[in-house]
Structure formats: C-alpha cells, structure tokens
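The values are calculated or read from the model by the stated rules, or taken from the named source; none is laboratory data. Values in this document were obtained by computation on a predicted structure and should not be read as measured data. To get the accessible areas, we keep the full protein, side chains included, count just its heavy atoms, and leave off ligands, DNA and RNA. Shrake-Rupley method; radii C 1.70, N 1.55, O 1.52, S 1.80 Å.
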Amino acid sequence: MTEQYDNTHASSSSSLNSSLQDTEDDRTIARILSEEDHHENRTLGKRLSHLDSIPLTPRVNGTIPTVNDATLDHERLLERLTTYGLAELQVEGDGNCQFRSLADQLFRNPDYHKHLRKQVVKQLKNCRKLYEGYVPMKYKTYLKKMKRSGEWGDHLTLQAAADRPFNLQFGAKICLVTSFRDTCLIEIVPNGQSPSRELWLSFWSEVHYNSLYGVGDVPTRVTRRKHWFF
C-alpha cells in the first residue's frame with residue numbers, strides 16, 4: 001500500500017513539475033515576444049506583394065530529392081533571393097532547421113528551437129481534430145516523433161506554428177520563399193484568426209529552412225553550418 005502511494009505521489013509530483021515548467025516556458029516566450037520589434041518582417045512582404053502566392057496544404061515529409069536535384073534547386077532559390085533583395089540567416093541542418101528558423105523569426109535567436117518545438121507539439125496535441133486527418137500514421141506515434149530533437153519539421157508543424165496563440169495574440173502568417181520551379185511563394189495562414197505578424201523563411205528543396213531578412217539586415221551570428229546530405 002505504501003509503495004503504491006509512493007508511486008502515485010511521484011507521478012503526481014512529476015505531472016505538477018511538468019505543468020509548472022510549461023507555465024514558466026510560456027511566460028518566458030511571452031516576455032521575449034513582448035520585447036521584440038517585428039516591424040521589419042512586415043516590410044519584406046512589400047517586396048513580393050506583386051507575386052501570386054499559394055496556400056499550404058498540410059502534409060508530412062515525403063521523398064527526399066537527390067543531391068543533384070537539391071543543388072539545382074538551391075541555385076534557383078539563391079537567384080530568387082537576390083532578385084528580391086532578400087538574404088538568409090543560415091541555421092544548422094541538424095534536423096531542427098525549421099524550428100530554428102521559426103525561433104529566429106520569433107525570438108531573434110535560433111537557440112530557442114527547443115521551446116518552439118515544444119509549443120508546436122502542444123498545439124498539435126491540444127487541437128488534434130485540426131491536424132490528424134493529414135497524418136498517415138497513428139497520431140500518438142506522430143506526436144512522439146515530433147517531440148524528439150532532430151526530427152524534421154513538416155508542413156503540418158508549420159501550420160501548427162502559425163495557429164499557436166503565443167502570448168495570447170500570436171497568429172502568424174508564415175511566408176516561404178521556395179526553390180520550387182513553379183512556386184516561388186507559399187503562405188501559411190492561421191486557422192480562424194487574423195495574423196498579428198509575418199514570419200519569413202526560405203525553403204530549399206523540401207530539406208532545409210533558413211530565416212529570411214532584407215539584404216543588409218541579417219544579424220551577425222556565428223553558426224555551425226551543416227548540410228542534410230553531408
């Protein structure tokens with residue numbers, strides 16, 4: 001009986017600690033968001049306002065392109081960025097690049113990618129009915145995968161990031177400047193709410209994301225550069 005009580009008490013304490021940590025993480029994120037000025041993100045949209053964008057269709061990751069295809073796509077992406085006066089802040093290609101790039105856009109620090117991933121998974125879990133129809137596996141299995149650091153983000157995690165109400169006023173439009181031959185700009189808009197900000201990412205050949213700025217506005221940071229095919 002005592003052992004059973006101890007186990008129940010330990011489980012309860014663990015849940016309480018986890019809840020307290022979640023609350024503290026939310027407060028930290030809210031504080032950082034309140035301190036950041038995201039005016040420059042909105043100005044990027046003016047540079048591409050004449051382009052037709054397409055909405056994102058949420059889906060999980062599919063086939064990885066060959067190295068040759070990826071290289072050609074990267075060249076196309078760089079040409080587009082140059083044309084529109086955009087530049088990348090390159091983030092590590094360690095499987096967390098989508099979350100690192102989003103964290104840089106939100107918090108001006110890619111190192112907050114773990115917090116961002118946690119918030120996205122929370123959104124996926126709390127609003128299951130919005131997302132599970134796009135997942136071709138058991139939903140709990142998908143959530144378990146996405147919790148792991150290094151698991152590639154997909155189009156569904158982008159949608160969840162756009163939907164997540166950070167700081168009670170965050171619904172973001174996420175804009176992807178892509179390397180796709182027939183699609184230069186993809187937009188992910190939050191479900192059922194008007195976006196309060198824009199996040200700009202480059203999207204290279206289905207395998208890598210970077211954070212976008214205007215030329216001359218890229219923050220100076222030292223990052224370890226990796227590529228998915230090395």
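Looking at segment 88-140, the accessible area is 44 square angstrom per residue; that uses a 1.4 Å probe and ignores ligands, DNA and RNA. If the chain linking Met137 and Ser49 were pulled fully straight, counting 0.36 nm for each residue of separation and taking away their Cα-Cα distance, it would gain 27.9 nm. Within straight-line reach of Lys140, meaning a Cα separation under 19 Å, sit the following lysines at least 8 residues removed in sequence or on another chain: Lys118, Lys122, Lys125, Lys129. Listed cross-link partners Lys114/Lys173; Lys46/Lys138; Lys144/Lys173 are compared with a 32 Å cut-off, the Cα-Cα value being larger for Lys46/Lys138.
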